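Working notes, beginning with the structure itself.
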Amino acid sequence: MLSLMDRVQKWEAEHRDCASPQIVMDCARAALVLSWHAEHGPRCRQYLAALARVSTVLD
């Protein structure tokens, strides 16, 4: 089982590329991805995927 820090490092590696069409699976990961990609603008697919995930939860 991965520790929390190991999990965060794994997620950071998985979501590093702004052009990658990753799907953000849960709110915890979405929150981290939003913080990592917050200033990248509307072309950042990671940010848009995370924002869509959080927005779905809020509906």
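The values are calculated or read from the model by the stated rules, or taken from the named source; none is laboratory data. All of these numbers come straight from a predicted model, not from anything done at the bench. For neighbour counting, all protein chains shown are included, and Cβ atoms are generated from backbone atoms with ideal geometry for every residue, glycine included.
Assorted remarks:
- Failed criterion for residue 59 (all others in (1) at pLDDT below 90; (2) acidic (Asp, Glu); (3) in contact with a helix residue (DSSP H, G or I) (Cβ under 8 Å, 6 or more places away or on another chain) hold): (3)
- Applying the criterion of at least 3 residues that are touching a Cys at 6+ places or on another chain (Cβ under 7 Å) and either surrounded by 10 or more Cβ atoms within 10 Å (Cβ to Cβ) or without any contact (Cβ under 8 Å) to a residue 60 or more places away in the chain (or both) to the helices (runs of 4 or more DSSP H) found wholly in the chain leaves 45-58.
- Which listed residue is under 8 Å from the mean Cα position of the chain (by Cα), modelled with pLDDT of 90 or more and under 23 Å from residue 4 (Cβ atoms), from 50, 38: 50
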